[in-house]
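Student: Have a look at this one.
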Amino acid sequence: MCQDTAGAGCARPAGRSTFVETDQGVCRVSQENHGDGLGRRRFLGLAAAGCALGLSGSRIAEAAVSGARRLSFYSLHTSEALSTVFWESGHFVPDALAEIDWHLRDFRTGDVRSIDPNLLDLLHRLRTRLAYDGQIHVISGYRSPKTNAMLAAQSNGVAKNSFHVHGMAIDIQLPGRTLDEVRRAALDLARGGVGYYPKSDFVHVDTGPVRAW
Ligand SMILES: [Zn+2]
């Protein structure tokens with residue numbers, strides 16, 4: 001099973017890449033591990049939209065999206081809340097990114113790392129897709145290598161080289177939306193990994209390769 005792994009140890013099924021042409025050019029997308037029943041045409045449509053709106057080229061993102069983007073978080077471990085505009089006038093807001101880095105720190109060790117701005121973009125798209133403007137409840141954001149090693153030793157569900165260690169993953173709940181709704185919306189976005197953990201009551205999303213478990 002492909003866990004939330006950032007390294008070569010992730011045993012993904014052999015997939016193939018597809019080149020999708022968008023208004024802004026040609027974008028290479030991966031078609032691996034789409035176990036959610038997406039048809040090829042629908043997948044390519046979603047992928048093309050993702051390429052067109054993606055942050056791989058800030059110029060593209062600026063052209064495609066305008067206006068302020070806000071994210072609101074509530075950490076279930078620290079009971080801290082944060083609501084901040086992380087994108088405005090075509091740019092990420094540095095002070096807001098720093099606030100989010102702190103909010104999503106490793107709560108066990110206090111270690112702070114830069115969170116991948118693409119993850120924030122993913123969360124914002126998830127909120128938009130679900131017409132959800134409440135707080136994102138955070139179970140886990142950044143994990144220091146020390147914390148991740150400790151968790152990996154305790155559970156088979158924690159990858160040794162998790163995207164959490166790279167600031168590219170978050171485990172969340174959206175109060176008022178079921179886990180399955182969150183999972184399906186994340187799968188439809190097709191912008192990274194989506195892990196479904198109903199027993200632990202959260203959905204994992206990351207900005208790694210598109211895959212699901
Ligand atoms: Zn996770």
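Student: Please tell me if Leu123 is more than 12 Å from the ligand (Cβ to nearest atom), touching a residue at least 60 places away in the same chain (Cβ under 8 Å) and buried (at least 20 other Cβ atoms within 10 Å of the Cβ).
Tutor: Values: more than 12 Å from the ligand (Cβ to nearest atom): yes; touching a residue at least 60 places away in the same chain (Cβ under 8 Å): yes; buried (at least 20 other Cβ atoms within 10 Å of the Cβ): yes.
Taking the combined requirement at face value, the residue satisfies it.
Student: Could you say which residue among Asp171, Asp116, Asp188, Asp111 is at pLDDT 95 or above and farther than 20 Å from Phe73 by Cα?
Tutor: On the way: Asp171 fails: farther than 20 Å from Phe73 by Cα; Asp116 fails: farther than 20 Å from Phe73 by Cα; Asp111 fails: farther than 20 Å from Phe73 by Cα.
Selected residue: Asp188, the only one of Asp171, Asp116, Asp188, Asp111 that is at pLDDT 95 or above and farther than 20 Å from Phe73 by Cα.
Student: Could I ask something else about it? Looking at Ala48, Ala98 in this structure, which one is at pLDDT below 95 and surrounded by 13 or more Cβ atoms within 10 Å (Cβ to Cβ)? Give the steps one after another, and end with the answer.
Tutor: On the way: Ala98 fails: at pLDDT below 95.
Criteria check complete, one pass: Ala48.
Student: Let me ask something else about it. For the subset of region 185-203 comprising residues that are farther than 15 Å from His124 by Cα, touching a residue at least 60 places away in the same chain (Cβ under 8 Å) and within 15 Å of the chain's Cα centre (by Cα), which member is surrounded by the fewest Cβ atoms within 10 Å (Cβ to Cβ)?
Tutor: Taking the candidates together, the pick is Phe202.
Student: Return the only residue of His137, His103, His204, His166 being touching a Phe, Trp or Tyr at 6+ places or on another chain (Cβ under 6 Å) and within 15 Å of the ligand (Cβ to nearest atom). Step through it out loud before you land on a result.
Tutor: Details: His103 fails: within 15 Å of the ligand (Cβ to nearest atom); His204 fails: touching a Phe, Trp or Tyr at 6+ places or on another chain (Cβ under 6 Å); His166 fails: touching a Phe, Trp or Tyr at 6+ places or on another chain (Cβ under 6 Å).
That would be His137, the only listed residue that is touching a Phe, Trp or Tyr at 6+ places or on another chain (Cβ under 6 Å) and within 15 Å of the ligand (Cβ to nearest atom).
Student: Filtering region 126-144 down to residues that are of a type in the set (A, V, I, L, M, F, W, C) and within 14 Å of the chain's Cα centre (by Cα), which residue is surrounded by the fewest Cβ atoms within 10 Å (Cβ to Cβ)? Working first, answer last.
Tutor: Within region 126-144, the subset of a type in the set (A, V, I, L, M, F, W, C) is 126, 130-131, 136, 138-139.
Applying the additional criterion that residues be within 14 Å of the chain's Cα centre (by Cα) yields 126, 136, 138-139.
On the way: Leu126: 22, Ile136: 21, Val138: 22, Ile139: 17.
So the residue we want is Ile139.
Student: Among the residues of region 85-95, is any modelled with pLDDT under 95 and part of a loop (DSSP other than H, G, I, E, B)?
Tutor: The answer is yes, given that some residue of region 85-95 is modelled with pLDDT under 95 and part of a loop (DSSP other than H, G, I, E, B).
Student: Away from the ligand (no atom under 15 Å from the Cβ) and either touching an Asp or Glu at 6+ places or on another chain (Cβ under 6 Å) or not basic (Lys, Arg) (or both): is that true of Asp188 in this structure?
Tutor: Working: away from the ligand (no atom under 15 Å from the Cβ): yes; either touching an Asp or Glu at 6+ places or on another chain (Cβ under 6 Å) or not basic (Lys, Arg) (or both): yes.
So Asp188 fits the description; yes.
The values are calculated or read from the model by the stated rules, or taken from the named source; none is laboratory data. As the structure is a prediction and not an experimental result, all values here were calculated from the model. Positions of Cβ are generated from backbone atoms using ideal geometry, with glycine treated the same way; all protein chains shown enter the neighbour counts.
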